[in-house]
Amino acid sequence: MELMYISPVLIAVLCSLYYYFTRTFNYWKDRGIVGPQPIPLFGNVIKAALRYETHGEPIANLYHQYPNEKVVGMFRMTEPYLLIKDLDIIKQILIKDFDKFSDRGVELSEEGLGTNLFHADTETWSVLRSRFTPLFTSGKLKNMIHLMTERGDKFIKYVESITENQAEHQIHSLVQKYTISTIAACAFGMDIDDISDNNPMIKILNRIDREVFSINFAFEIILMYPRLLKKLNLSVFPKYVTNFFYKLTNSIISERKGKPTERRDFMDLILELKEQKEIQSTKKFENDIQMHLEISESIIAAQSFAFYAGGYETSATTMTFLLYLLAMNPHVQEKLHQEIDKTYEIHNGELSYEIIKSMTYLHQVFDETLRLFPIVEPLQRRAKNDYKIPGTDIVIEKDKIVLISLRGIHHDPKYYPNPEVFDPERFNAKNSAARHPCAYMPFGVGPRNCIGLRFAKLQSSICIIKFLSKFRVEPSENTLKEMKFDPKRVVMSPSDGILINILPRKYICNNYWF
């Protein structure tokens, strides 16, 4: 008799689940906003949810599927998101009306590294941002040059040793060894002399990289419930990662006896703030509310994590893409070699902040690399209140998240003819000046852009200059002919780390062979 009730109960359960996982799917249609038909539970990101593509790729694809729309309504799982395509609207949201969209939209718990500068809510971010910005002035960066060049020289010696008997190497894991040594020196005052995989510090940092920058299935839960983690006071980071950065900062603070030193690095700034015990935000206007923030152990550890993550992984991935593109475009590589050789000859092999800044073609190559392969995709912001988009009848409701596809914009032929072609001349002075300010945003724009962009560019430039002064890169038989991204990574990363051949080169500088 009981079997008679199984089918009706099962049907009722399935109908309830179907309703729950489709209950929001008329949201954009009811508001007259076009968009693709969503799939129950998965919305418009089913391939990403099943790890067939990154979470940035379906959003970039939607950007191109609606070429004449200013906005597109879409669903990440069951949650409605608004994809903004129009550059003037993007400028309005990210710059002019920044105060109405100052949150990134994903709230983490305050414990477990959640108050880091990248993820922090507006109140915490506004206090921290004003205090950390001075760390990245040109004067501070100049003081870091010698630390970066010394690590660059050690890195080149390491590359020389491993390429003596084998030309083909995975470039991503290789350049990570440089970025971890520079971020350790510049942020934490640590010298990592042994950058081989046998170094225990390298091992633990590689493990952190694999796990922190990898997507697990909790990611989809966050997409559906962006504020869940904060409400439940849960951390997205493994416990051992939190413990590692607590111990790291505490050991450095203890080593420095709790006082700032003459290094003037990130940890010195932390120690200066720690002495104040509490810091306040800067008031731009008299009526502004002044925010207060206690400098606790969790705040310190969270910022340490943010500086590690920003200086380690994103720079390494950018340089990986850059060297891959040079290998696939030898004419660009040759022109860059010529600029590096000429610069070394004029300045007797010396590098300074001003010298690096003067290398215009190098910067064009970097900019074009990040146009083709923006690392963070997509950008997102949360509406703090109902917001009517100027010049339209569209209202973005409070707490709804807007998305901006950098990859979509950067590959739009309206802004970049033949967008799949690698052409650094797109970023010469004339072409750059003629472009809309929001047509190129690899580091974001507006007040909440990447605070470490100048550090990242300098760090990467030194590595590439030193690397290309000694080596050239060529495709190997295993080099990807078409770039594929790792669907299990948070940032846009190559699927196989990129295998290329690294070959020695020689040039003459003041009658000396290098």
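Laboratory data are not the source of any read-out in this text; all were calculated from the coordinates shown. All figures in this text were calculated on a predicted structure; none of them were measured in a lab. For neighbour counting, all protein chains shown are included, and Cβ atoms are generated from backbone atoms with ideal geometry for every residue, glycine included.
Data overview
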item: Computed over region 123-223: relative contact order in percent, which uses C-alpha pairs under 8 Å that are six or more apart; result: 20 percent
item: Farthest toward positive dipole pole in region 118-265 [+1 Lys/Arg, -1 Asp/Glu at C-beta], among Leu232, Ile221, Gly152; result: Leu232
item: Calculated log₁₀ intensity ratio I(q)/I(0) where the Debye formula runs over C-alpha points of region 169-211, q = 0.14, 0.16, 0.21, 0.31 Å⁻¹; result: -0.29, -0.38, -0.65, -1.25
item: Prolate/oblate/rounded label for region 33-114 (Cα gyration tensor, a/c 1.5); result: oblate
item: Relative contact order (%) - region 2-513, alpha-carbon pairs under 8 angstrom, separation at least six; result: 23 percent
item: Helical contribution to [θ] at 222 nm, DSSP H n ≥ 4, -39,500 (n - 2.57), averaged over the chain, rounded to 500; result: -14000 deg cm²/dmol
item: Of Lys96/Lys277; Lys230/Lys400; Lys142/Lys484; Lys400/Lys457; Lys29/Lys384; Lys231/Lys400, those spanning more than 26 Å from alpha-carbon to alpha-carbon; result: Lys96/Lys277; Lys142/Lys484; Lys400/Lys457
item: Where labels lie 7 Å past Cα in the beta-carbon direction, separation of Lys239 and Val421 in nm; result: 5.7 nm
item: Binned Cα-Cα distance frequencies in the chain - 10 Å width, integer %; result: 3, 17, 28, 26, 17, 6, 2, 1, 0, 0
item: Extent along principal axes [Cα atoms of region 356-448; Å; largest to smallest]; result: 45, 27, 21
item: Burial ranking of peptide ranges 401-407, 97-103, 434-440 (average Cβ count within 10 Å, highest at the top); result: 401-407, 97-103, 434-440
item: Of every Cα-Cα pair in region 135-213, the percent that sits beyond 18 Å; result: 46 percent
item: Calculated log₁₀ intensity ratio I(q)/I(0) where the Debye formula runs over C-alpha points of region 395-514, q = 0.13, 0.15, 0.16 Å⁻¹; result: -0.85, -1.10, -1.22
item: Selection from Trp28, Gly189, Thr115 lying farthest towards where the dipole of the chain points positive, charges on Cβ; result: Trp28
item: Efficiency of FRET from Cβ geometry, Leu232 and Cys15, R₀ 25 Å, rounded to 0.05; result: 0.30
item: Region 356-411 versus region 165-235: alpha-carbon centroid distance in Å; result: 24 Å
item: Computed magnitude of the charge dipole of region 316-401 (debye, nearest 20; Cβ of K, R +1, Cβ of D, E -1); result: 500 debye
item: Helix 297-309 vs. the chain, principal-axis angle (Cα, 0 to 90°, nearest 10); result: 70 degrees
item: Zone residues, region 298-320, relative to Arg210, backbone N less than 15 Å from point 7 Å out along Cα-to-Cβ; result: none
item: Kirkwood Rh and Cα Rg combined as Rg over Rh, evaluated for region 108-179; result: 1.19
item: Prolate/oblate/rounded label for region 69-141 (Cα gyration tensor, a/c 1.5); result: oblate
item: Rounded tilt (10° steps) of 266-276 against the dominant C-alpha axis of the chain; result: 60 degrees
item: Net charge of neighbours whose Cβ lies under 14 Å from the Cβ of Lys481, counting Lys and Arg as +1 and Asp and Glu as -1; result: -4
item: Size-normalised alpha-carbon gyration radius of region 294-406, reference 2.2 N^0.38 Å; result: 1.58
